[in-house]
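First up is the structure itself, then whatever we jot down about it.
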């Protein structure tokens, strides 16, 4: 469930084969439609993910590398949201985000580093 909340653009929650709720991760977390959805997601997960949903690309600056790696890249401003960064890697299938602050390049974030950063926030990996 944690991975779905981080990378999905839409989620369907089913109960006994019937749709309980369909929507964006933020919508489901902020507005669970039924008690089943609330219990399925859980209070701890709801508060944890709502906190991370307001992060910007700049939050991941410790994971940036200074030199441009191989792979198809897309330029993204450090003030963009976590959702924008996720869409860049998941939906648009880019391998590298060229992170800028205004006109200045502050580094490059690879898809693999981003996944490791997300996993480390949950305690699955050590930095």
**Study point:** Ranked 85, 29, criterion: other C-beta atoms within 10 Å, fewest first
**Key:** 29, 85
Check your understanding: Rounded to the nearest 5, what is the percent of antiparallel bridges among the DSSP beta bridges in the chain?
Key -> 70 percent
Practice item. Give me 110, 86 ranked fewest to most by other Cβ atoms within 10 Å of their Cβ, as a rough exposure proxy. Key: 86, 110
Review point. Which value in Å does the Kirkwood hydrodynamic radius of the chain take, with 1/r averaged over all unlike C-alpha pairs and then inverted?
Key: 15.7 Å
**Study point:** Theoretical gain in end-to-end length, residue 74 to residue 39 [0.36 nm per residue, Cα-Cα removed]
**Key:** 8.8 nm
**Study point:** Length-normalised contact order of the stretch 5-114 in % [C-alpha pairs under 8 Å, at least 6 apart]
**Key:** 21 percent
Review point. In whole percent, what relative contact order does the stretch 2-52 give with Cα contacts below 8 Å and a gap of six or more residues?
Key: 29 percent
Review point. Helix 111-121 sits at what angle to the longest principal axis of the chain, using alpha carbons and giving 0 to 90 degrees rounded to 10?
Key: 50 degrees
Practice item. Consider just the alpha-carbon atoms of the stretch 57-121 and return their Rg together with their Dmax, both in angstrom. Key: 10.4, 30
Practice item. Pop a pseudo-label 7 angstrom from the Cα along the beta-carbon direction at both residue 9 and residue 26 and give the gap in nm to one decimal. Key: 1.4 nm
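We did not get these values from a lab; they are worked out from the coordinates using the rules stated. It should be emphasised that the depicted structure is a prediction, and the values quoted were computed from it without experimental measurement. Ideal geometry is used to build each Cβ from the backbone, glycine not excepted, and the neighbour counts take in all protein chains shown.
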